[in-house]
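Computed from the coordinates by the stated procedures, all read-outs in this text should not be read as laboratory data. All values derive from a computational prediction rather than experimental measurement. FYI the Cβ positions are ideal-geometry reconstructions off the backbone, even for glycines, and counts take in every protein chain you see.
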Amino acid sequence: MLFDDMTSRLKAALTESMRAKDTPAVLALRSALAALDNACALPLSEIQKSPVTSEYIAGTTQGLGATETQRQTLTDAEVISILESEVAAHLDEARYLAQANRARQGEAAAYQAQVIQAILER
């Protein structure tokens, strides 16, 4: 499945970037992983609440795994679309920063786009 493969690639690249102290790459990879994770979250209206509540704290649940929620599975097209939108967002940011005479920050944003694009192309 592409989702598992992409998250594995992103996590491996994140580890390498952290070891190399490559801050812009770390930021881009964490952002991409968060985007994928957020896309897997179900809307609150679809989450089933646990019937077992705590007698000690109002509005909470108790028991092993009580705070775990269901996740949805992303299709391959959705995974690619999410990562491509991350690349596009970084490129838009780079263009905006370049127009605002902030070339150094713009170069960092363009580099972040390249980092994610490289993961997509593997």
Exercise. In what sequence do Glu78, Glu16, Glu121 fall when counting other Cβ within 10 Å, fewest first?
Worked result: Glu121, Glu16, Glu78
Problem set entry | Met6, Met1, Met18 arranged by Cβ crowding within 10 Å, fewest neighbours leading | Met1, Met18, Met6
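At 0.36 nm per residue, minus the direct Cα-Cα distance, what do Ser8 and Ala100 gain on full extension? Give it in nm, one decimal, please.
Extending this stretch completely gives an extra 29.5 nm.
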